[in-house]
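The values are calculated or read from the model by the stated rules, or taken from the named source; none is laboratory data. Predicted model, so just to flag it, every value in this text is computed and none were measured. Here the Cβ positions follow ideal geometry from the backbone for every residue, glycine too, while neighbour counts run over all protein chains shown. The protein model used for the area step is the full one, side chains on, heavy atoms only, and it has no ligands, DNA or RNA in it. Shrake-Rupley method; radii C 1.70, N 1.55, O 1.52, S 1.80 Å.
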Amino acid sequence: MCLSGVCPCVACAAVPAGYLKLWQLQKPVLDEFDIIFIDEAQDCTPVIMDIMLSQRCGKILVGDPHQQIYTFRGAVNALYAVPHTHLYYLTQSFRFGSEIAYIAATILDVCKKVKKILVGGYQDGSVRGEDMETLQSLRLATSQDRGRVAILCRSNVTVFSEAVRLTDANHNCRIHIVGGVENFGLSKILDIWILMQPQDKRSRENLWIKDPFIRNFCRQKLGGYVGLKLYATKTEDRELEAKLSVVEKFNARIPELVQRISSCAQSTASSADYVLGTVHKSKGLEFDTVVVTDDFVKVPCSRHNLRRLNVNPGIRNVPADEWNLLYVAVTRAKRVLYITRTISNVLTLAGEYFLRSGLSSVLLNKEESGRCSTRECPNHITREVPLSMHKLPIRYMDGVEEGGVLCASCVEQRVGPVAFLLSPAEKIRAMHYTEEPLELPVNISMLLALL
């Protein structure tokens, strides 16, 4: 059994916190062991720390402080709290190659100001969505491919939405929900939907709420659905709030979707076409291909646009756990990683715009000149300039960010003085300076309008 106390594995889930507390109060003596190995030490509970540290034998604590994602359960980072005699760093991951390792290390560097040495293996990796075979029609999936594509989400609402999206596209799609569909709460989602219906409809269609707690809200003095929602808000019951959000989002489709997801769910990942789960549930797992959904913490746009807007992305004000969740999601991938626009924007804060240099004659594809690929930029690139920079395309879940050749002015905006290696400074300064139209999230746009 893992000894972190908050590990999502089956063994730890089978030991309620109350029993661990009773065991602690008994002051157990584990004198039959010479050494105790404590894994996931960054997410230890105070109870487990007290039990383990009170033993007289040697202790080895192993963990990654940047994978601490259970502080909301009272977890404590034992790696920082416990004095040590020896300290060793594990810097190389054999799970993924250098591309995925770079993205993971950049998230820590930019978002947490941590210079973590993370070295990948020698295997090839993909982070720009080049390998589209993994996300082709499910009809092309073979038994060897199943269970290798994981869609990892921040919240259960997104897990449900992704299950709907996949099964809408293919009603025969086989999905596996990490932690088991029986623990995902589909029956409670249906119960909440029934509670939302008028009393006469519940009676007429013989709709019965199975969960006794939810059924209690049928009583008029408890306020029905509104009362349940008020209860969830006042008690800060995040799981219940997520189920309420699902019901409100899909409303009339809930009965059909609950039945469909239940029928499409597989008990094991190996028998599924896609694996769905939150990062909290997927911690400790690994997959050939990982698709990160865009419901994690947001960085609204790339570095040069943030500077132009004079906007502080607010990275330092984001709780560390939120960046840790994104880091854990990225590091579940073994071979292929589909990043989000936020991850792409984070990379630009480190200077990575996926720009590459090439011969202008080759990039222009035998044309005498070509227009800059930046939207609404009127500048042209000609064969007179020996070298030019071009942006590599990136495929996201919601579309493709096309690549193309950039003029020297747009290159200068993004990567600075490197542009002066392409053209003389005075020529670049004479070019039209293009300010890109931004598609910012609604909340960011409203805040900027107030400035």
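Match the structure shown to one of the listed values [x] 206; [y] 171; [z] 147 of volume of the Cα convex hull per residue in Å³, computed from it, and give that label.
Recomputing volume of the Cα convex hull per residue in Å³ here gives the entry labelled [x].
Would you mind computing Rg(Cα) / (2.2 N^0.38 Å) for segment 174-299, counting N as its residues?
1.20
If you split all Cα-Cα distances of segment 280-420 into 5 Å bins from zero, what percentages do you get per bin, shortest first?
2, 9, 16, 19, 16, 14, 11, 8, 5, 2, 0, 0
At 1.4 Å probe size, with no ligands or nucleic acids counted, give the accessible surface of Glu241 in Å², nearest ten.
My reading of the accessible area for Glu241 is about 50 Å².
What accessible area per residue, rounded to a whole number of Å², is obtained for the chain using a probe radius of 1.4 Å?
Numbers: 24270 Å² over 451 residues.
Heavy-atom SASA per residue in the chain reads 54 Å².
Starting from the Cα of Cys57, step 7 Å along the direction of its Cβ; do the same at Lys201; then give the gap between the two resulting points in nm.
6.0 nm
222 nm [θ] for the chain, helices only, -39500 (n - 2.57) per DSSP H run of 4+, per residue, to 500?
Values: 20 runs with 170 residues, N = 451.
It lands at -10500 deg cm²/dmol.
Against the longest alpha carbon principal axis of the chain, how many degrees, from 0 to 90 and to the nearest 10, is the axis of helix 156-169 turned?
For 156-169 against the chain, the angle is about 70 degrees.
Of all the accessible heavy-atom surface of the chain, with the other protein chains kept in place and a 1.4 Å probe, what percent is carbon and sulfur? List each step's numbers first, then the result.
On the way: 13060 of 24270 Å².
Here carbon and sulfur together make up 54 percent of the probe-accessible area.
From the Cα gyration tensor of segment 208-251, with a ≥ b ≥ c the square roots of its eigenvalues, which class applies: rounded if a/c is under 1.5, or else prolate if a/b is larger than b/c, or else oblate? Don't jump to the answer; show the numbers that get you there.
Working: a/c = 1.67, a/b = 1.25, b/c = 1.33.
Oblate is the answer for segment 208-251, as a/c is 1.5 or above yet b/c matches or exceeds a/b.
Of Lys21/Lys243; Lys210/Lys249; Lys243/Lys334, which ones are farther than 24 Å apart at the Cα?
Violating the 24 Å limit, Cα to Cα: Lys21/Lys243; Lys243/Lys334.
Can you give the angle from 0 to 90° between the axis of helix 224-235 and the longest principal axis of the chain, with both taken from C-alpha atoms, to the nearest 10?
With rounding to tens, the tilt is 80 degrees.
At 1.4 Å probe size, with no ligands or nucleic acids counted, give the accessible surface of Cys218 in Å², nearest ten.
Ignoring ligands and nucleic acids, Cys218 comes out at about 50 Å².
From Cα pairs below 8 angstrom and at least 6 apart in sequence, can you work out the relative contact order of the chain, rounded to a whole percent?
Taking the mean separation of contacting Cα pairs over the length of the chain, I get 16 percent.
Sorting Val291, Val400, Val29 by accessible area (1.4 Å probe), largest first, what list results?
The residues order as Val29, Val400, Val291, largest area first.
Leu421: accessible area at probe 1.4 Å, nearest 10 Å²?
150 Å²
Can you sort Lys366, Lys281, Lys112 by 1.4 Å-probe accessible area, starting with the largest?
Lys366, Lys281, Lys112
Could you calculate the contour length gain from Val114 to Glu435, that is, 0.36 nm times the residue separation minus the distance between their Cα atoms, to one decimal place in nm? Don't skip to the end; give the middle numbers.
Numbers: separation 321, 0.36 × 321 = 115.56 nm, distance 3.19 nm.
Value of the extension gain: 112.4 nm.
Can you put Met397, Met52 in order of accessible area, largest first, using a 1.4 Å probe?
Met397, Met52
Once fully extended, how much extra length lies between Ala425 and Val226, figured as 0.36 nm per residue of separation less the alpha-carbon to alpha-carbon distance?
This chain segment gains 65.2 nm when fully extended.
I want the antiparallel fraction of DSSP beta bridges within the chain, as a percent rounded to 5.
Within the chain, antiparallel bridges account for around 40 percent of the total.
Within straight cross-link reach of Lys112, meaning Cα distance under 17 Å, which lysines are found once same-chain residues fewer than 8 apart are removed?
List returned: Lys298.
Using a basic spin-label model with each label point 7 Å from the Cα along Cα→Cβ, how many nm lie between Glu286 and Glu130?
2.2 nm
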